[in-house]
Amino acid sequence: MASEPTDGTGGGADRTTPVTTTAVRLVGDLLAVTGWVVLLALFFLQSTWPRWAFYALLIGGVGLYVTVTAAWRTTGRS
């Protein structure tokens, strides 16, 4: 019988967890930013607002998203 590793790594399954977590976060970020871009684009195509307002809301929204989610990701680390 094979013994369990005693170094606390738990075998090969634990090594893929950070990769999986990063991939899930990346996909989530991609979906959120893409959704924001599509929402703004559809809104601005239906309205007569100036183009500079579109870019201001686009950059402001993405900047706010990055600020909020960066705080979420750093609070879990010690």
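The rows are residues; the columns are (1) at pLDDT below 85; (2) on the phi < 0 side of the Ramachandran plot.
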{"position": "3", "(1), (2)": "yes, yes"}
{"position": "8", "(1), (2)": "yes, no"}
{"position": "28", "(1), (2)": "no, yes"}
{"position": "35", "(1), (2)": "no, yes"}
{"position": "71", "(1), (2)": "yes, yes"}
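Residues considered: 48, 34, 69. Of these, the only one that is loosely packed, with under 12 Cβ neighbours inside 10 Å, out of contact with any Leu (no Cβ under 8 Å at 6 or more places or on another chain), polar (S, T, N, Q) and part of a helix (DSSP H, G or I) is 34.
Taken together, the criteria place residue 57 among residues that are of a type in the set (A, V, I, L, M) and either more than 11 Å from the chain's Cα centre (by Cα) or modelled with pLDDT of 95 or more (or both). Regarding residue 21, is this residue surrounded by 10 or more Cβ atoms within 10 Å (Cβ to Cβ), modelled with pLDDT of 95 or more, out of contact with any strand residue (DSSP E or B) (no Cβ under 7 Å at 6 or more places or on another chain) and not hydrophobic (A, V, I, L, M, F, W, C)? Answer is no for this residue.
For residue 75, state whether it is among the β-branched types (Val, Ile, Thr) and modelled with pLDDT under 90. Taking the combined requirement at face value, the residue satisfies it.
The values are calculated or read from the model by the stated rules, or taken from the named source; none is laboratory data. Just so it is clear, the structure is predicted and the values come from calculations on it, not from any experiment. Because the Cβ atoms are built from the backbone with ideal geometry, glycine has one as well, and the counts that use them run over all protein chains shown.
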